[in-house]
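Here is the structure we will look at.
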Amino acid sequence: MPAGRIARFGLLIAFASAFAAPVTQAQVPSNEELARRSLERRAVEAVIWGMPIVNYDLMFQAAIRQARIGFNEVVYWSRLLDWKNQTLTPNPDSIYFMPFINTKEAGPVVIEIPPADSGVINGTIMNVWQVPLEDVGPAGVDKGKGGKYLVLPSDYKQKPPPGYIVLPSDTWRGYALLRSIVKSDSAADVAKAVEYGRRIKVYPLSQAAKPPPTKFADAVDSVFEGRSPTTRGSSRHSTGRSRPSRGWFATR
């Protein structure tokens, strides 16, 4: 290599060395540091583990406040959703129906899904941890024919009656997230989707011979705060008014 190039190469190495970060040996964390990291990791895992059930309770508490419903009743939105529906990832092109169920006092609960004739309902029935029990509608087990989904409590020992789609659950509480599909965003098509969705029925199995009318409550004009506290800071529409309820966060 010519002497000029060697000189320039040497200057380049010297320049790079002057700005390079010093190489130091990695420090071994102390026992106290390891304990602190372990505690932080467990805290993060606990928050992630509890998010589904906290989110469920926040939605149910919002339904109680804004729609005045209780268990085995249905909150719904009679128009396409806007910012007032503060739930996670709602679709702006569906009419939502949410029955909240409790089999502890009522026993097995029936959720009737209408056949896909004048409309379509897609959705999922879940336990209190938001673990799916079954999908409904054309994409679900009834394949669009409609069906009577029977949610059983965890301690149910009897043989379920025939004619039902049986869903054993390991929790007493649960809910269904159901979407009545609209053909367009016109007022007429939205009204048809609402009318079709109100064919959903929810009632205890003990009253199956003569089901009482299902209670529906419209939450369309209310700020429905159903997000967990860990997600509220990401929305500029957050009201900051809701607080998670306490005292019942058992799986049943």
Inset, instruction - Anything over 22 Å Cα to Cα? Flag those among K145/K201; K157/K201; K145/K192, in the order listed. - result: K157/K201
Legend entry - Of A219, P161, S180, farthest towards positive along the dipole that unit charges on Lys, Arg, Asp, Glu beta carbons give the range 52-225: P161
Inset, instruction - Write down, largest first, the equivalent ellipsoid semi-axes of the range 52-225 in whole Å, where each equals the square root of 5 times an eigenvalue of the alpha-carbon gyration tensor. - result: 25, 19, 14
Inset, instruction - Choose one of N55, S94, G197: the residue whose Cα lies farthest towards the positive end of the charge dipole of the range 52-225 (beta-carbon charges +1 Lys, Arg; -1 Asp, Glu; about the Cα centre). - result: G197
Legend entry - Simple Cβ-charge dipole of the range 52-225, Lys/Arg +1 and Asp/Glu -1, about Cα centre, in debye nearest 20: 480
Legend entry - HN-Hα J in Hz across the range 170-181 - Karplus 6.51, -1.76, 1.60, θ = phi - 60°, x for Gly and Pro: 8, 10, 6, 9, x, 6, 10, 10, 10, 10, 8, 7
Inset, instruction - Go through the range 117-160 and name the trypsin sites (Lys or Arg not before Pro) that are in a DSSP coil and have 16 or fewer other Cβ atoms within 10 Å of their Cβ. - result: K143, K145, K157
Legend entry - Model label zone, A208; criterion: amide N under 15 Å from point 7 Å along Cα-to-beta-carbon; scope the range 134-167: 147-153, 156-167
Inset, instruction - Pop a pseudo-label 7 angstrom from the Cα along the beta-carbon direction at both V131 and E195 and give the gap in nm to one decimal. - result: 4.1
Inset, instruction - For V44 paired with D155, estimate the spin-label separation in nm (one decimal), with each label point 7 Å from Cα along the Cα-to-Cβ line. - result: 3.9
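Rule-based calculations on the coordinates, nothing more; no lab input. Nothing here was measured: the structure is a model prediction, and the numbers come from that model. Ideal geometry is used to build each Cβ from the backbone, glycine not excepted, and the neighbour counts take in all protein chains shown.
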